[in-house]
Structure formats: C-alpha cells, structure tokens
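No value in this document is a laboratory result; all are computed from the given coordinates. This is a predicted model, so every value here is computed, not measured. Note: ideal-geometry Cβ built from the backbone for every residue, glycine included; neighbour counts use all protein chains shown.
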Amino acid sequence: MKKKATISLTTRLLKFAENGEKTGWTYVEIPADLAAELLPGNKKIFQVKGAIDDHKIAGASLLPMGGGNFILPVNAAMRKGIRKKEGAIVNLQLQLDSQKYVLNQELLDCLAEEPEALAFFRSLVPSRQHYFSKWVDAAKTDATKVTRIARCIYGLQRKWDYGEMIRFYKNKEA
C-alpha cells in the first residue's frame with residue numbers, strides 16, 4: 001500500500017486586507033511545489049488534514065491562488081487552537097484528506113423549512129456550502145449552534161455568500 005505524501009512547512013500567518021470575499025481572512029501560503037507533492041497536477045481546491053503546530057486539523061481546504069500556489073485559510077477555531085494570530089510563525093504538517101465532507105444535518109433540516117434559502121444554498125458550489133456548514137459544526141454549545149443556523153438561513157434567504165453574512169453580523173456586533 002502506497003504511503004500518503006506528507007509535507008512539512010514553517011511559515012508565517014498572513015491576513016488579507018482587501019481581497020473580495022477573502023477580506024480579513026487569516027491564512028498561510030503553500031508554495032506550488034509543496035502542493036504538487038500532495039496532489040500532483042492539481043490546480044483546483046482540495047482537502048487536507050494534519051496539524052498546525054500541535055493543533056490537529058481535518059477537512060481543511062487548500063485554495064488555488066494562481067501561479068500554482070495555494071492558501072490554507074486559518075479560521076478562528078484553528079487560531080484559538082494554536083493561540084496565534086497574524087504575523088506569528090507556525091509549523092504545518094499536511095497530507096491529502098480523501099475523507100468526503102458531510103454537510104451538517106441540522107443545518108440541512110432547518111434549510112428544508114426555508115425553500116428560498118435552501119434553493120440558494122444548493123446553487124452554491126460544494127466548497128461554498130462547506131463554509132456555512134463548517135461554521136455550524138465549529139459551534140461548541142447548542143445555543144451557539146442554533147444562533148449560527150439562524151444566521152445562515154437569514155443570510156441565505158438574502159442570497160449572501162458566507163463572507164457577506166459574517167461581515168453583516170460582525171458589523172452588527174461592533
């Protein structure tokens with residue numbers, strides 16, 4: 001049985017200023033040659049697993065950024081797990097994650113009650129659907145999960161992408 005390729009990288013956490021839907025995202029850049037070790041010849045989004053410092057990750061996405069390079073978005077749960085923010089140095093160990101992501105069932109059940117929101121959600125490419133679902137998955141309490149599902153539905157009814165929804169609620173709380 002062939003062993004999966006694992007890449008290791010020490011790099012800096014970066015943050016997008018103005019970059020469309022990625023505005024404000026924290027991320028690490030994965031050079032083209034390292035990404036090619038995980039999935040040779042690939043130029044599309046793909047899933048990885050492994051660790052950032054000592055924080056385990058799975059089902060994370062590497063996003064193409066042109067020129068063969070990719071980025072790994074480092075979400076709030078990951079940043080909390082590593083206790084680091086923009087500018088900090090992190091150690092990555094990544095390998096291809098062939099486990100297929102399953103959308104959050106509670107989110108799907110609630111969307112079934114809101115046909116317009118469900119239709120818009122279904123019109124999104126799978127990676128965009130995953131943003132919403134993974135945000136719900138990351139809730140640590142039932143109360144937070146309920147709030148996040150409600151916010152997803154509100155945003156999807158208005159045909160907002162994930163970034164628009166998050167910015168809307170961030171501005172409301174500020």
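Can you confirm whether Lys100 is more than 26 Å from Thr23 (Cβ to Cβ) and either small (Gly, Ala, Ser) or free of Cβ contacts under 8 Å to residues at least 60 places away in the same chain (or both)? So Lys100 fits the description; yes.
I'd like the full set of residues that are loosely packed, with under 15 Cβ neighbours inside 10 Å and either small (Gly, Ala, Ser) or part of a loop (DSSP other than H, G, I, E, B) (or both), limited to the range 69-82. Matches in the range 69-82: Ala76 only. From the list Lys140, Lys170, Lys85, which residue is out of contact with any Asp or Glu (no Cβ under 7 Å at 6 or more places or on another chain), in contact (Cβ under 8 Å) with a residue 24 or more places away in the chain and either assigned to a loop (DSSP other than H, G, I, E, B) or more than 21 Å from Phe70 (Cβ to Cβ) (or both)? Exactly one residue qualifies, and that residue is Lys85.
When the range 123-174 is filtered for residues that are basic (Lys, Arg), farther than 17 Å from Pro73 by Cα and surrounded by 11 or more Cβ atoms within 10 Å (Cβ to Cβ), the ones remaining, listed by number, are Lys145, Arg148, Arg151, Arg158, Lys159.
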